[in-house]
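Colleague: Pasting a structure below so you can have a look.
The values are calculated or read from the model by the stated rules, or taken from the named source; none is laboratory data. Since the structure is predicted, the reported quantities are computational estimates derived from the model, not experimental observations. Here the Cβ is made from the backbone with ideal geometry for all residues, glycine too, and neighbour counts use every protein chain on show.
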Amino acid sequence: MKSFASDNYAGVLPQVMEALAAANVQHARSYGADEITARVTQQFCEAFGAQARVYFVFNGTGANVLSISSATQSFHSVLCADTSHIYCDESSAPETFTGCRFFALPANEHGKLTPEIVAERLIRPGDVHYAQPAMLSITQTTEYGTLYTPQEIRALADLCHAHGLYLHMDGSRFFNAAASLGCSLADISVGAGVDILSLGGTKAGMMFGEAVVVFNEQLAKNIAYKHKQVMQLASKTRFIAAQFGAMLQGELWRSTAQHANAMAQQLHAALSAHSAVRITRQVQANAVFAEIPRHWYEPLQQHYPFYVWKDSTHEVRLMCAWDTQPEDIAAFSTALAGMK
């Protein structure tokens, strides 16, 4: 059974499996002091620039907690979209571990924050009664599967830096964004003014693991200690690093993300052919949002799981992954045609 619920449901890329097996042959030094981690770290520098510092972590929540904690103290606040994963879907872990207040800002119809929206919260500097903003966090791709362009990121970065804030990017589907925009990884991160990036690997086809990539030297000073403190320093770091090495080698991430994005476009076309279905969001990466009749949920989900995004409007989210195939979409479309 193939699922449209999440790209997390997909298996592991064969190249990643091979990299894991290769890393399992010999003993190696622990906690990232091994040759594999050193080699992959160099790959990150080649992709993002020589100033990049990479810290491998177990999961996406850990990546976000590490990123945010590296830039804040407990009297600070973090600005984010009201739809963001760090605000809605991480069980308050970022707030719990950092002690920061999170201010959720209204995302626009595309799921994005704009400088005008952010500027409204840049108030009361130096007021001891107010949690001082220290960081803005944006998501790429957004929770609606839409994209921030390099220019949009730069505008937010410039605003942040002018007011003494850091810009964090939650990039759980960062590879899909770069593939869709046809740009380099650096173009929509360090090249656009991002200070620190949570880089997702699992949704892209890894077995486990994410990375925090630091571009701002101020944040690089103490993050190694935070890495340990927030319980994200793996003793066998090489098994996370090796997977990223496979993803970066020959830009494997680009071809697999392009495939997932292309499948979303096919799914969009298939759904659009059904009169009872209404596409609700722009399809820019590997997500399709649509409104379908409520009574279709259960019979469809028995064979093709998906998430209900907003039950009040019957909006559902359908995700494509590196292993989604045209025949999966055709079969789902046939199932839709059979609904009454």
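Colleague: Against the conditions (1) β-branched (Val, Ile, Thr); (2) over 20 Å from Ala10 (Cβ atoms); (3) not assigned by TED's automatic domain parsing to the domain that holds Tyr148, where does Val316 fall short? Just the number, please.
Modeller: It is condition (2) that Val316 fails.
Colleague: Answer yes or no: is there a residue in the stretch 228-240 that is among the basic types (Lys, Arg), at pLDDT 95 or above and surrounded by fewer than 21 Cβ atoms within 10 Å (Cβ to Cβ).
Modeller: Scanning the stretch 228-240, I find at least one residue that is among the basic types (Lys, Arg), at pLDDT 95 or above and surrounded by fewer than 21 Cβ atoms within 10 Å (Cβ to Cβ), so the answer is yes.
Colleague: Still on this structure: Of the conditions (1) outside any helix (DSSP H, G or I); (2) in contact with a Lys or Arg (Cβ under 9 Å, 6 or more places away or on another chain), Ala71 clears all except one; give me its number.
Modeller: It is condition (2) that Ala71 fails.
Colleague: Could you give every pair whose Cβ atoms fall below 6 Å, whose first residue belongs to the stretch 183-208 and is charged (D, E, K, R), and whose second residue is assigned to a loop (DSSP other than H, G, I, E, B), counting only separations of at least 6 or pairs across chains?
Modeller: Here the result reads Asp195/Phe215; Asp195/Asn216; Lys203/Ser172; Lys203/Arg173, each pair linking the stretch 183-208 to a residue that is assigned to a loop (DSSP other than H, G, I, E, B).
Colleague: Taking the stretch 229-288 as the region of interest, how many residues are small (Gly, Ala, Ser), farther than 19 Å from Asn176 by Cβ and in the same structural domain as Ala178 (by TED's automatic domain parsing)?
Modeller: Narrowing the stretch 229-288 to residues small (Gly, Ala, Ser): 234-235, 241-242, 245-246, 250, 255, 257, 260, 262, 264, 269-270, 272-273, 275-276, 285, 287.
Those still in the list that are farther than 19 Å from Asn176 by Cβ too: 234-235, 241-242, 245, 270, 272-273, 275-276.
Checking which are in the same structural domain as Ala178 (by TED's automatic domain parsing) leaves us with 234-235, 241-242, 245.
Total meeting the criteria: 5.
Colleague: Out of Tyr87, Tyr31, Tyr55, I need the residue that is at positive phi and either modelled with pLDDT of 95 or more or not in a loop (DSSP other than H, G, I, E, B) (or both). Which one? Give the steps one after another, and end with the answer.
Modeller: Numbers: Tyr87 fails: at positive phi; Tyr55 fails: at positive phi.
Exactly one residue qualifies, and that residue is Tyr31.
Colleague: Can you tell me which residues in the stretch 173-204 are of a type in the set (Gly, Ala, Ser), crowded, with 24+ Cβ neighbours inside 10 Å and not in a helix (DSSP H, G or I)?
Modeller: Ser189, Ser198, Gly200, Gly201, Ala204
Colleague: So, one more: Considering only residues of the stretch 45-71 that are within 15 Å of the chain's Cα centre (by Cα) and not hydrophobic (A, V, I, L, M, F, W, C), which is surrounded by the fewest Cβ atoms within 10 Å (Cβ to Cβ)?
Modeller: Asn59
Colleague: Which residue is surrounded by the most Cβ atoms within 10 Å (Cβ to Cβ), if the candidates are limited to the stretch 242-265 and must be over 16 Å from Leu185 (Cβ atoms) and over 18 Å from the mean Cα position of the chain (by Cα)?
Modeller: Per the criteria, the residue is Ala242.
Colleague: Any idea which residue in the stretch 116-150 is farthest from the chain's Cα centre (by Cα), counting only those that are free of Cβ contacts under 8 Å to residues at least 24 places away in the same chain and not in a loop (DSSP other than H, G, I, E, B)?
Modeller: Restricting to residues being free of Cβ contacts under 8 Å to residues at least 24 places away in the same chain and not in a loop (DSSP other than H, G, I, E, B), the top hit is Glu116.
Colleague: Anything in the stretch 181-237 that is of a type in the set (Lys, Arg) and in contact with an Asp or Glu (Cβ under 8 Å, 6 or more places away or on another chain)? List them, or say none.
Modeller: Passing the criteria: only Lys203.
Colleague: Which of the numbered conditions does Ser3 fail, given that it passes all the others? Conditions: (1) assigned by TED's automatic domain parsing to the domain that holds Ala157; (2) in contact with a strand residue (DSSP E or B) (Cβ under 9 Å, 6 or more places away or on another chain).
Modeller: (1)
Colleague: Output the number of the condition that Ala71 fails; it satisfies all remaining conditions of (1) small (Gly, Ala, Ser); (2) in contact with a strand residue (DSSP E or B) (Cβ under 6 Å, 6 or more places away or on another chain); (3) free of Cβ contacts under 8 Å to residues at least 60 places away in the same chain.
Modeller: Here Ala71 meets the rest and fails (3).
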